[in-house]
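A.B. asks: This is the structure I want to talk about, given as structure tokens.
The values are calculated or read from the model by the stated rules, or taken from the named source; none is laboratory data. Every value quoted in this text rests on a predicted model; they were computed, and no experiment measured them. Neighbour counts run over all protein chains shown; Cβ positions are idealised from the backbone, glycine included. In case anyone asks, the SASA skips ligands and DNA or RNA and just uses the protein heavy atoms, side chains included. Shrake-Rupley method; radii C 1.70, N 1.55, O 1.52, S 1.80 Å.
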Amino acid sequence: MDPSAIAALLREVSIYFELDSDRHRAGAYERAAKSIDSATGLHRLIDEGRLEELPAIGPSIARVVGDLWRRGSTDVLERLRAKWPPVVVELALLPKVGAKRARELYKKFQPADLEAVAAACRAGAVRELPGFGSVSEAKILQAIEERHLRGVRALLLDASDSASAIAMHLAAGAGITRVEIAGPVRRACEVVEHLAFAVACDAGADAVIDRLASFALVTSVDRAQGVGYLAGGMRVHVHVAATGRFGWALVEATGSVEHVAALEARARERGIDLGILAAPEERRIYIALGLPWIPPELRDGSDEIAMAAGGDTFADLIVEDDITTAFHCHTTYSDGKGTIAEMAQAAAEHGFAGITITDHSAAASYAGGIGADGLRAQAAEVAAMVDAPARVLRGIEADILVDGAIDVPADCVGELDLVIASIHQRFKLDEDAATARVIAAMRQPFFKVWGHALGRLVMRRDPVALHMDDVLDAIAESGRAAIEINGDPHRLDLDPENVRKALARGIKVVLSVDAHSTRNLDYLKWAVAMARRARVRKRDVLNALPVDELAAAIRPTG
């Protein structure tokens, strides 16, 4: 079991202790989960009996982590699951409910599922409980109805971790010859509403469901539907096929409903039964339909099949190896955890030829932003790094102020290698004011990169509301800006739809890591995934250029 799966189970245990009103142990397990999540070399620490060297890991939790690592379960988890049914955890994880209210609701109503709680709310029974009332009842009903409307949702980062752990577990099952992660995780959707897997198993679906049910992350299964459930209610779908027909199982499990329906319609036109087509690999499915293989990130059911039928092979879509320079990196000069030297060393170890150092500007006081003096100190430090393992381009992530000014000292602009201009405050301006603000910034007479353009935090903060077409038109007309695709998995901004609009106007993009530590350099994969969904080609990406050419392309003044 990998560290992310262990951390997820520790968080589940934390919820159970909250349900038991044991806040001390609940907090201990939550802190332990964070520690395991950020640990490196976990298997060595376990094998060498050194787990207690990690923060928040004492002897008892170390034993629990060891159990999870070695056998995929642990006594405390099994005991607590037997005491609290899945519906209580689902309730506890709902917004505006929490563990205390979930416990009281379960004790009173013994609900089989969330709909039973919703029915009690509609009947006015919840408001009669001590400490609830009509306002609480309405909020609980709203949370359940939103859950039914939207389903259980997870960030791509978290869903990907869970999917990887489940895939490894399934692959070790008897008779299972191949497992591939599919569904919205494979398509790199920012928000994931279910996990899906294609599984090759000549022994049949029951063997796969048995294996799925044995995994600690899975709290229950519906054998008739071929679905498992994680704590909190996330669905896990397994698409099982014989080895010789695995190709269609993977295609069907991966594509959006619209993409799969379009392929089925194309197959009917050609008299092909995809369910029985001999195709151990999914490429054979597309070949049989007269199409090139379509990358998973593009299978959204828009016009990807028409593009493929028209001759686009998508062979030049951007890939991680195309990126030469780690873009948008913070250091200890503002809110980063690594020094310039440490970030440059890590960039080289990740295979980058260059790195841009772009600490926050002075207006971002909450992030320790720097002004002219800090920029000059950075300049001196970088100048002294004659043997830097990766070339350091020195810049700033400057706030876009309310009036459209960019918070970079005027006398420093010409000394910098790049300027990233981002919104960090005043997100709720009306559309007209927000549009005018960004257009003014993008028309500043020096080149800049529009950083995490709409300021969204996935599932936490909505994008800035503005007239995007007007902003993109202004950028295209000025020719003095590019747009960032931000790989921070909590941002993933700009979204693919708006990136496509930018590309149609000839606007270039950069793929950034927005790194605040050396580990965050791994965020490149998420930026690349978003870019591929937007059909970004290598030629569209500035930091796919050699570092010298990139430096010339993004220099603020020239």
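A.B. asks: Give the distance, in whole Å, between the Cα centre of segment 38-67 and the Cα centre of segment 296-313.
C.D. replies: So the separation of the two Cα centres works out to 47 Å.
A.B. asks: Projecting each Cα onto the charge dipole of segment 266-401 (Lys/Arg +1, Asp/Glu -1 at the beta carbon, about the Cα centre), which of 327, 345, 279 comes out farthest on the positive side?
C.D. replies: Most positive-ward Cα: 279.
A.B. asks: For segment 220-231, what does the Karplus curve 6.51 cos²θ - 1.76 cosθ + 1.60, with θ = phi - 60°, yield as ³J(HN,Hα) per residue in whole Hz, taken in order and with x for Gly and Pro?
C.D. replies: 7, 9, 10, 5, 5, 8, x, 10, x, 10, 8, 4
A.B. asks: Also, quick follow-up: Grab the other residues whose beta carbon is less than 10 angstrom from that of residue 394, score K and R as +1, D and E as -1, and report the net. Before the final figure, lay out each step's value.
C.D. replies: Details: positive: none; negative: 359, 381, 415, 417.
Combined, the nearby Lys, Arg, Asp and Glu give -4.
A.B. asks: Taking R0 as 41 Å, what's the FRET efficiency between residue 243 and residue 123 from their Cβ-Cβ distance, rounded to 0.05?
C.D. replies: Working: r = 52 Å, r/R0 = 1.27.
Taking R0 as 41 Å, the efficiency between residue 243 and residue 123 is 0.20.
A.B. asks: What ranking do 546-555, 382-391, 436-445 get when scored by the average of other Cβ atoms within 10 Å per residue, highest first? All intermediate terms of the calculation are to be shown ahead of the outcome.
C.D. replies: On the way: 546-555: 17.0, 382-391: 14.0, 436-445: 19.6.
So the order, starting with the most tightly packed, is 436-445, 546-555, 382-391.
A.B. asks: What accessible area per residue, rounded to a whole number of Å², is obtained for the chain using a probe radius of 1.4 Å?
C.D. replies: Solvent-accessible surface per residue comes out at 42 Å².
A.B. asks: Taking amide hydrogens as modeled 1.01 Å from N in the peptide plane, which residues meet the under 5 Å criterion relative to residue 227, leaving out close sequence neighbours?
C.D. replies: Result for residue 227 returns 222.
A.B. asks: Once every DSSP H run of n ≥ 4 in the chain is given -39500 (n - 2.57) and the sum is divided by its residues, what mean residue ellipticity at 222 nm do you get, rounded to the nearest 500 deg cm²/dmol? It would help to have the intermediate numbers written out before the result.
C.D. replies: On the way: 23 runs with 243 residues, N = 558.
About -13000 deg cm²/dmol.
A.B. asks: Can I ask one more? Consider the candidate values (i) 0.96; (ii) 0.99; (iii) 1.04; state which one is Rg/Rh (Cα atoms, Kirkwood Rh) computed from the structure displayed.
C.D. replies: Among (i) 0.96; (ii) 0.99; (iii) 1.04, the one derived from this structure is (ii).
A.B. asks: Carbon and sulfur together cover what percent of the accessible area of segment 426-558 at a 1.4 Å probe radius?
C.D. replies: Numbers: 2410 of 5160 Å².
Reported share for carbon and sulfur atoms: 47 percent.
A.B. asks: Sticking with this structure for a sec: Length gain on complete extension for the stretch residue 145 to residue 339, per 0.36 nm per residue less the alpha carbon to alpha carbon distance? Provide the component values of the computation, followed by the final result.
C.D. replies: Numbers: separation 194, 0.36 × 194 = 69.84 nm, distance 4.73 nm.
Contour length minus the Cα-Cα distance gives 65.1 nm.
A.B. asks: Using a 1.4 Å probe, how large is the accessible area of residue 366, given in Å² and rounded to the nearest 10?
C.D. replies: Spelled out: residue 366, probe radius 1.4 Å, area about 130 Å².
A.B. asks: Calculate one ³J(HN,Hα) per residue across segment 332-345 by plugging θ = phi - 60° into the Karplus curve 6.51 cos²θ - 1.76 cosθ + 1.60, and present them in order as whole Hz with x for glycine and proline.
C.D. replies: The phi angles translate into 5, 5, 10, 10, x, 9, x, 6, 4, 4, 5, 5, 5, 4 Hz.
A.B. asks: Within the chain, what percent of beta bridges assigned by DSSP are antiparallel, to the nearest 5?
C.D. replies: Roughly 35 percent of the beta bridges in the chain run antiparallel, per DSSP.
A.B. asks: Follow-up question, since we're still on this one. Out of the total accessible area of segment 1-105 (probe 1.4 Å, heavy atoms of protein only), what percent is carbon and sulfur?
C.D. replies: Working: 2440 of 4960 Å².
Of all accessible area on segment 1-105, carbon and sulfur atoms account for 49 percent.
A.B. asks: Can you spot the aspartates and glutamates whose alpha carbon is less than 18 Å from residue 428's alpha carbon? Ignore those fewer than 8 places along the same chain.
C.D. replies: By straight Cα distance, residue 428 reaches 399, 403, 462, 493.
A.B. asks: How large is ³J(HN,Hα) for each residue in segment 351-358, as worked out from phi by the Karplus curve 6.51 cos²θ - 1.76 cosθ + 1.60 (θ = phi - 60°), to whole Hz, x for Gly and Pro?
C.D. replies: Here the 3J(HN,Hα) series is x, 7, 8, x, 8, 9, 9, 9 Hz.
A.B. asks: What lysines could a cross-link reach from residue 337, if we take a straight Cα to Cα line under 28 Å and drop same-chain neighbours fewer than 8 places away?
C.D. replies: By straight Cα distance, residue 337 reaches 34, 448, 525.
A.B. asks: With label points built 7 Å along Cα→Cβ from the Cα atoms of residue 268 and residue 365, find their separation and express it in nm.
C.D. replies: Output for this residue pair reads 6.5 nm.
A.B. asks: Turning to a different aspect of this structure: What nm value, rounded to one decimal, do you get for the distance between residue 110 and residue 425 when each label is placed 7 Å out toward the C-beta?
C.D. replies: 5.7 nm
A.B. asks: Now, a different point. Which cross-chain or sequence-distant (5 or more) residues have an amide H under 5 Å from the amide H of residue 536, H modelled 1.01 Å from N in plane?
C.D. replies: Amide H to amide H, under 5 Å and 5 or more residues apart or across chains, residue 536 pairs with 318.
A.B. asks: Between residue 31 and residue 476, what is the FRET efficiency for a Förster distance of 56 Å, r being their Cβ-Cβ separation, to the nearest 0.05? Before the final figure, lay out the partial values.
C.D. replies: Numbers: r = 49 Å, r/R0 = 0.87.
The value I calculate is 0.70.
A.B. asks: Only bridges with both residues in segment 153-239 count here: give the DSSP antiparallel percent, nearest 5.
C.D. replies: Numbers: 15 of 20 bridges.
In segment 153-239, DSSP labels about 75 percent of beta bridges as antiparallel.
A.B. asks: Pairs of Cα atoms under 8 Å, at least six residues apart: use those to get the relative contact order of segment 67-147, whole percent.
C.D. replies: Value for segment 67-147: 23 percent.
A.B. asks: Any idea how far apart residue 349 and residue 178 come out in nm if each label point goes 7 Å out from Cα toward Cβ?
C.D. replies: Reported label-point gap for residue 349 and residue 178 is 3.6 nm.
A.B. asks: If you don't mind, another one. Is segment 416-558 rounded, prolate or oblate when judged by the Cα gyration tensor, a ≥ b ≥ c being the square roots of its eigenvalues, rounded requiring a/c under 1.5 and prolate requiring a/b larger than b/c?
C.D. replies: Values: a/c = 1.43, a/b = 1.09, b/c = 1.31.
Rounded.
A.B. asks: Which aspartates and glutamates, if any, have their Cα less than 17 Å from the Cα of residue 83, not counting same-chain residues under 8 positions apart?
C.D. replies: Of all the aspartates and glutamates, those that pass the test against residue 83 - Cα under 17 Å, at least 8 places apart if same chain - are 12, 18, 20, 22, 75, 104, 113.
A.B. asks: Could you let me know the centre-to-centre spacing of segment 499-558 and segment 338-401, using Cα atoms, in angstrom?
C.D. replies: 18 Å
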